[in-house]
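Each remark here refers to the structure printed beneath this line.
Just so you know, all these numbers are worked out from the coordinates, no wet-lab data involved. This is a predicted model, so every value here is computed, not measured. Neighbour counts run over all protein chains shown; Cβ positions are idealised from the backbone, glycine included.
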Amino acid sequence: MIKLHDLYFKPFISEQEVDDIVQRMVDEIAIDLQDEVPVFVGILNGSFMFVSDFVKKYPKPCEVTFIKLASYEGLKSTEDIHRLIGLTQDLSGRKVIILEDIIDSGNTLEEVHRIFENEGVDELKIATLFYKPEAYKKDYKLHYIGKEIPNKFIVGYGLDYNGLGRDLPEIYQLKTTQHMTNLVLFGPPGAGKGTQANFLKETYNLVHISTGDVFRYNIKNETALGMLAKSYMDKGELVPDQVTIDMLSAEVEKNAGANGFIFDGFPRTNAQAKALDNLMENKDSQINAMIALEVDDEVLVERLLERGKTSGRKDDADESIIRNRITEYYNKTAILKEYYATQNKYYGVDGVGSISDITERLKVVINTL
Ligand code: AMP
């Protein structure tokens, strides 16, 4: 991810892919033009890299010139196109190919057609590296299109955001949702994650997803997912990754407009942590912190046995199943501390004390994020 001025951008099209697209366009145009010596007209500023790479690859003689137009102000393509440098040579009777970095609204293209209206060129063709079909509002034919892209703001490879980003060799896309707070509440079974999540979700207006709760809901409603999960849960073992990941993704998708999430009981394995990163990346977001409630094993066993008297949970009722859950935690889950610690996202919090004291300790951490 990169930051330009006040905005964040994520990698979108690699340098290699851009290069492949340019090569493909060169091949196509060279075949169409045969032995004509074309004049390639780049539209400055955005197209300078594209034109440079394009003509270097072009296998036959050609001429290159530029016109300079300006249309963008910040993130918005304006109707008002300024002609800063027009045509400086006579192109009558020539085959002209416009090389554009990107066509979105088509306003710049309209101005290009106006410029060439009375030039008497033999042929005027448009080649654009990127094209946003959802944004295009004109009828001018686009003869060569490198790649169709969604209607999102991009920078790099000549394209800028308020002057920055033109120098990047690859393309980045604007990140759209940057305001989510996503927390992983971590700790062994019985550490108090569910209890604390209930307070924190109110304070920070977050959606709380407990994978254990979702599984139990499915078991209660006798869904296929519930039946599958039950066999593992009753023994205190982990439900297989893919089942859990699919379920978690569906829960996240159900809350598309959330301010952020508290993940409780997820991730529990490395594969789940990676899947969670991908899921957040797709939402243009990320996990901000893993906050771990640290509690001694014997305290956990005591707490869970106590809870088992009223929770009705099979896996709380039997000390050997409880110990198996704690063992599963140390065998498979505890390693995730490392995963988040290496990203400087791990925060340990003492999970022994009154519920409200522990909530306060958690808030101190969250408020620093
Ligand atoms: P919990 O309510 O978090 O203690 O979870 C209860 C049980 O649900 C666990 O012992 C597992 O069998 C299952 N479970 C919950 N979350 C996950 C997960 N992320 N991965 C695999 N199994 C899970």
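Once you list every other residue whose beta carbon is under 9 Å from the beta carbon of Ile209, what net charge do they have if Lys and Arg are +1 and Asp and Glu are -1?
Values: positive: none; negative: Asp213, Glu251, Asp264.
Summing Lys and Arg as +1 and Asp and Glu as -1 gives -3.
Could you please tell me the mean projected area of the C-alpha convex hull for region 181-368, averaged over all directions and given in square nanometres to one decimal?
Values: hull surface 40.0 nm².
Average projection, Cα convex hull of region 181-368: 10.0 nm².
Among Phe153, Leu228, Ile103, which residue has its Cα positioned farthest towards the positive end of the charge dipole of the chain, with +1 placed on the Cβ of Lys and Arg, -1 on the Cβ of Asp and Glu, and the dipole taken about the Cα centre?
Comparing the listed Cα positions along the dipole, Leu228 ranks first.
Local charge sum around Gly312 (other residues, Cβ-Cβ under 11 Å, Lys/Arg +1, Asp/Glu -1)? Could you put the intermediate results ahead of the total?
Details: positive: Arg216, Lys220, Arg307, Lys309, Arg313, Lys314; negative: Asp315, Asp316.
In short, +4.
Subtract the Cα-Cα distance of Asp19 and Asp122 from 0.36 nm times their separation in residues, and report this length gain in nm to one decimal.
Numbers: separation 103, 0.36 × 103 = 37.08 nm, distance 2.96 nm.
Answer, rounded to one decimal: 34.1 nm.
Tell me, Kirkwood radius of the chain from alpha-carbon pair distances, in Å?
Numbers: mean 1/r = 0.0408 Å⁻¹.
Here the Kirkwood hydrodynamic radius works out to 24.5 Å.
Quick one: of Lys193/Lys345; Lys10/Lys193; Lys137/Lys254; Lys193/Lys220; Lys57/Lys138; Lys56/Lys152, which pairs are farther than 26 Å apart, Cα to Cα?
Numbers: Lys193/Lys345 18 Å; Lys10/Lys193 32 Å; Lys137/Lys254 33 Å; Lys193/Lys220 22 Å; Lys57/Lys138 30 Å; Lys56/Lys152 29 Å.
Exceeds cut-off: Lys10/Lys193; Lys137/Lys254; Lys57/Lys138; Lys56/Lys152.
Output the 0 to 90 degree angle, nearest 10, between the alpha-carbon long axis of helix 107-116 and the longest principal axis computed from the alpha carbons of the chain.
Once rounded, one gets 10 degrees.
Residue by residue, what Karplus-based ³J(HN,Hα) values in Hz, rounded to whole numbers, does region 42-52 have, using 6.51, -1.76 and 1.60 with θ = phi - 60° and x for Gly and Pro?
Using θ = phi - 60°, the values come out as x, 9, 7, 8, x, 8, 4, 6, 4, 4, 4 Hz.
If you line up the long axis of helix 211-220 against the longest principal axis of the chain, both from Cα atoms, how many degrees apart are they, to the nearest 10?
That helix lies at roughly 70 degrees to the long axis.
Between Lys60 and Asp90, with labels modelled 7 Å along Cα→Cβ, what's the label distance in nm to one decimal, could you check?
2.4
Given the Cα-Cα distance of Leu164 and Thr310 and 0.36 nm per residue of separation, how much length would full extension add, in nm?
On the way: separation 146, 0.36 × 146 = 52.56 nm, distance 6.05 nm.
Taking 0.36 nm per residue and subtracting the Cα distance, the gain is 46.5 nm.
If I model a spin label as a point 7 Å beyond the Cα along the Cα-Cβ vector, how far apart are those points for Tyr330 and Asp80 in nm?
7.0
Would you calculate the convex hull of the Cα atoms in region 2-174 and tell me its volume per residue in Å³?
Working: hull volume 17.9 nm³, N = 173.
Dividing the Cα hull volume of region 2-174 by its residues yields 104 Å³.
Could you work out how far helix 224-233 tilts from the main Cα principal axis of the chain, as a 0 to 90 degree angle to the nearest 10?
The two axes meet at around 50 degrees.
Does a label point 7 Å from the Cα of Ile355, set along Cα-to-beta-carbon, have any residues of region 170-214 with amide nitrogen under 12 Å, and which are they?
Zone members listed by number: 192-200.
Can you run phi through the Karplus equation (6.51, -1.76, 1.60; θ = phi - 60°) for region 253-262 and list ³J(HN,Hα) in whole Hz, with x for Gly and Pro?
4, 5, 10, 4, x, 5, 6, x, 10, 10
DSSP beta bridges in the chain, what fraction antiparallel, as a percent rounded to 5? Spell out each step's value before the answer.
On the way: 16 of 56 bridges.
Rounded to the nearest five, the antiparallel share is 30 percent.
Once you sort the root eigenvalues of the Cα gyration tensor of region 11-75 as a ≥ b ≥ c, which label holds: rounded (a/c under 1.5), prolate (a/b larger than b/c) or oblate (the other case)?
Working: a/c = 2.76, a/b = 1.31, b/c = 2.11.
It comes out oblate by the Cα gyration axes.
Which cross-chain or sequence-distant (5 or more) residues have an amide H under 5 Å from the amide H of Gly260, H modelled 1.01 Å from N in plane?
Thr181, Val207
Give the calculated FRET efficiency between Asp277 and Asp213 to the nearest 0.05, with a Förster radius of 30 Å applied to their Cβ-Cβ distance. Walk me through the numbers before you get to the answer.
Details: r = 22 Å, r/R0 = 0.75.
Result of the calculation: an efficiency of 0.85.
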